[in-house]
Every structure is written in C-alpha cells, then in structure tokens.
Amino acid sequence: MATIEENLNKAARALSDADAVMITAGAGIGVDSGLPDFRGNEGFWKAYPPIAKLGISFSQMANPQWFETDPELAWAFYGHRLSLYRNTSPHDGFFKLLEIVQKKQGSYFIFTSNVDGQFQKAGFDTEKIMECHGSIHHFQCANPCGSAIWDASQVDVEVDENAFRAIPPLPRCIHCTSLARPNILMFGDWDWISHRTDSQGARLSSWLNEVSAKKMKLAIVEMGAGNAVPTVRMQSEQVARMHKGLLIRINPRDYFVPSGHISAPLGSEEGIGKIYELMDEK
Ligand SMILES: NC(=O)c1ccc[n+]([C@@H]2O[C@H](COP(=O)([O-])OP(=O)(O)OC[C@H]3O[C@@H](n4cnc5c(N)ncnc54)[C@H](O)[C@@H]3O)[C@@H](O)[C@H]2O)c1
Ligand SMILES: [Zn+2]
C-alpha cells in the first residue's frame, strides 16, 4: 500500500504533466468553506435540526411535491441554502486549483453536482462548468408555463429560521406569476427544466472530444463526491476510462479508487494545498 505522501507526489506529478484538467466535485468540496455536506440522514439532520424534528430525509425534502403541498416549507429549505451559499466564500483550495488549471494549454472543465455556485464565485469560467443537478442561483416556474430559466440574483427569500418557514411573498414566475422554484433537479422531479444544464453538457462533450482528438494528457481531480448519489464518482471514472485520464480522488472517507488511479484521503483544502506545494511547475 502506497503512503499518503507517495500518492500526493504522484498526484503532483500527474497534475504537472497534464495538458488538460477535468475537475469533478460533490458536496464535500464545500466542507472546508464551512458548508454542510448531506452525508446520510445523520449529516443532513445535523445541518438541518428543524427537518430532523419533522423526520424528513434529504431525498424526501429535496422533492418538488413541497412546492405544491407546503410552499413555505419548500422555500424555507431552499431559501436558507440560497442565502448560505451567497454568504460563503470558497476556501483556498479553489484558488490554488484555478491557478494550476488556468496555465494548461488544453484548459479545464468542471463537472459538479453542487448547486451552490462556489466555482463561479472563485473565478472559474462559467462557460467551463457543468452543473449536473442545476443551480440554486437560477429559478424556473414551479408549474412550468414554458421553458424559462432566469437568474435569481435579484431575488431575496426571507426565512423564519426557528419556525423553518419562508416568509411570503415567495418567489414568483416572471411570466405567469405562479410560484417559482430553484432550477435544481430534485428527486422524482418531472418538471425540472434541463436546457441550461444540457448546454453546459454539450460544451463539456466538445471539450473532451478535443482533448482526445489532440491526444492531450488528461488529469481528473475529484473532490468531495460521496457514494449515496454516485453521479460525480461515476462521471470521473467514466471519463478516466474513455479519455485515458488519470483520476486523483481527494476524499477523507470515501477515497477508494479503481486500480491505477490515485487516492488522497484528505479534505479538499488540505489535499489541494499539499499537491500544489509538491508541484514543480505551477
Ligand atoms: N453545496 C451543494 O450544492 C450541495 C450540498 C449538499 C448536497 N448537495 C446535493 O446533494 C447530493 C449529495 O451528494 P454528494 O456526493 O455531493 O454529497 P454527500 O454529502 O453525499 O457526500 C459528501 C462526500 O464528501 C466527503 N467529504 C467530507 N468532508 C470533506 C472534505 N473536507 N473534503 C473533501 N471531501 C469531503 C465525504 O466523505 C463524502 O464522500 C448531490 O446530488 C448534490 O447535488 C449539494
Ligand atoms: Zn410560469
């Protein structure tokens, strides 16, 4: 078994040698910025004691039915998260990673299930990000009257934290004035409007095709992606297989990697910080 130091050295070499870098991330990347991940009911309920009291799991809460049956509860959950993410600054690992990938001749692309907009906040190019579960900073009609998705930066949602209820007026559709909801893919969600994410996905595919066509060396840096909703982990592994990439998985708990790839059992800020220090060419 290789030691952590050996793995970090390997990761630094792989990142120095790479012509192009794909960054993949789940909720765990935000932990070092002070954001909660939702690791199991335990993690979710620790972050949301009022929801624990109601005995509602993450998959039950992240469900579009609440916008119909109890809009003030639905908007308490999303409104609280909206202001939390707006008020959070990305940790240093984001900026070090940006410095590394900006210098790559083949550039970079991000694939994240996070809806929090932290990569954009850290200065990554919005045209090089795919948010596979959508974004909390964009809204859509809850009872879709069309396919509009709009920027929500001008909308504030006030939440009574104790009662865990949003205080009306709740966000409204800019076209038909029905209730609005975040443009986030929820569980059992047939009304999610996907064209924003689809366009991001098309840009990601053409970047990956270019990386392959030009025979570029690809490194994939994955941070904070859990096993419960394995979309990000599967994406990292699939891209590594299909585009001959080397995967560097940074995760303090779920750090297992397929053989031939690199595991760094650390938090993302510390992991990126150490790899950055070990790189000869930054
Ligand atoms: N910030 C967000 O946007 C946000 C937050 C919570 C959940 N979600 C959504 O909920 C689902 C949750 O799945 P998930 O896999 O992203 O998260 P998860 O909460 O299921 O798992 C978090 C993972 O991060 C790891 N982790 C914990 N601390 C870390 C650290 N300091 N550095 C690096 N990794 C760390 C954990 O070991 C775990 O593997 C996703 O679909 C996502 O869309 C989004
Ligand atoms: Zn509408």
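Starting from region 159-173, take each residue that is more than 15 Å from residue 81 (Cα to Cα) and list its partners that are within 16 Å of ligand 1 (Cβ to nearest atom) and part of a strand (DSSP E or B), counting only C-beta distances under 9 angstrom and pairs at least six apart or across chains.
173/139
For residue 14, indicate whether it is surrounded by fewer than 22 Cβ atoms within 10 Å (Cβ to Cβ), away from ligand 1 (no atom under 13 Å from the Cβ) and more than 26 Å from residue 183 (Cβ to Cβ).
Working: surrounded by fewer than 22 Cβ atoms within 10 Å (Cβ to Cβ): no; away from ligand 1 (no atom under 13 Å from the Cβ): yes; more than 26 Å from residue 183 (Cβ to Cβ): yes.
Judged against the criteria, residue 14 is not a match.
Can you confirm whether region 172-184 contains a residue that is within 25 Å of residue 49 (Cα to Cα), more than 16 Å from ligand 2 (Cβ to nearest atom) and not β-branched (Val, Ile, Thr)?
There is no residue in region 172-184 that is within 25 Å of residue 49 (Cα to Cα), more than 16 Å from ligand 2 (Cβ to nearest atom) and not β-branched (Val, Ile, Thr).
Can you confirm whether residue 79 is surrounded by fewer than 20 Cβ atoms within 10 Å (Cβ to Cβ), small (Gly, Ala, Ser) and away from ligand 1 (no atom under 12 Å from the Cβ)?
So residue 79 does not fit the description; no.
Under 8 Å between Cβ atoms, at least 6 apart or on separate chains: pull out the pairs that start in region 56-68 with a residue that is hydroxyl-bearing (Ser, Thr, Tyr) and end on any residue that is outside any helix (DSSP H, G or I).
From region 56-68, the pairs are 59/187.
Looking at 224, 267, 188, 273 in this structure, which one is more than 27 Å from residue 59 (Cα to Cα), of a type outside the set (A, V, I, L, M, F, W, C), within 16 Å of ligand 1 (Cβ to nearest atom) and under 20 Å from the mean Cα position of the chain (by Cα)?
273
Which numbered condition in (1) near ligand 2 (Cβ under 8 Å from one of its atoms); (2) under 28 Å from residue 111 (Cβ atoms); (3) assigned to a loop (DSSP other than H, G, I, E, B); (4) not acidic (Asp, Glu) is the only one that residue 155 fails?
(1)
Which one of the conditions (1) within 15 Å of ligand 1 (Cβ to nearest atom); (2) in contact with a Ser or Thr (Cβ under 8 Å, 6 or more places away or on another chain) does residue 194 fail to meet, given that it meets all the rest?
(2)
Checking the conditions here, which among 114, 87, 63 is modelled with pLDDT of 95 or more and surrounded by fewer than 16 Cβ atoms within 10 Å (Cβ to Cβ)?
Every option except 87 fails the conditions.
Among the residues in region 15-36, are any closer than 27 Å to residue 266 by Cα, at pLDDT below 95 and not polar (S, T, N, Q)?
yes
What do you reckon, is residue 2 among the small types (Gly, Ala, Ser), away from ligand 1 (no atom under 13 Å from the Cβ) and outside any helix (DSSP H, G or I)?
Criteria met by residue 2.
Given the conditions (1) surrounded by 15 or more Cβ atoms within 10 Å (Cβ to Cβ); (2) of a type in the set (Gly, Ala, Ser); (3) under 17 Å from the mean Cα position of the chain (by Cα), report the number of the one that residue 245 does not fulfil.
Status for residue 245: all satisfied but (3).
Please name all residue pairs, on different chains or six or more residues apart, with Cβ atoms under 8 Å, provided the first residue is in region 107-136 and is more than 24 Å from residue 16 (Cα to Cα) and the second residue is buried (at least 22 other Cβ atoms within 10 Å of the Cβ) and acidic (Asp, Glu).
Filtered contacts from region 107-136: 113/131; 114/131; 115/131; 136/116.
Hey, could you check region 158-180 for residues that are touching a Cys at 6+ places or on another chain (Cβ under 8 Å) and not in a loop (DSSP other than H, G, I, E, B) and say which is farthest from ligand 1 (Cβ to nearest atom)? Break it down into steps so the answer makes sense when it comes.
From region 158-180, those touching a Cys at 6+ places or on another chain (Cβ under 8 Å) are 173, 175-176, 178-180; that's our starting set.
Next, only the ones that are not in a loop (DSSP other than H, G, I, E, B) stay: 179-180.
On the way: 179: 22, 180: 19 Å.
Looking at the filtered set, the residue picked out is 179.
Which members of region 227-258 meet the condition of being within 12 Å of ligand 1 (Cβ to nearest atom) and not in a loop (DSSP other than H, G, I, E, B)?
231, 232, 233, 234, 235, 236, 249, 250
Pick from 119, 139: which is within 23 Å of the chain's Cα centre (by Cα), buried (at least 16 other Cβ atoms within 10 Å of the Cβ) and not in a helix (DSSP H, G or I)? Show your work before the answer.
Details: 119 fails: not in a helix (DSSP H, G or I).
It is 139.
Kindly indicate whether residue 192 is within 16 Å of ligand 2 (Cβ to nearest atom) and of a type in the set (Phe, Trp, Tyr).
For residue 192, the condition - within 16 Å of ligand 2 (Cβ to nearest atom) and of a type in the set (Phe, Trp, Tyr) - is met.
The values are calculated or read from the model by the stated rules, or taken from the named source; none is laboratory data. None of the values given here were measured: they were computed from a predicted structure. Positions of Cβ are backbone-derived with ideal geometry, glycine not excepted, and every protein chain shown enters the neighbour counts.
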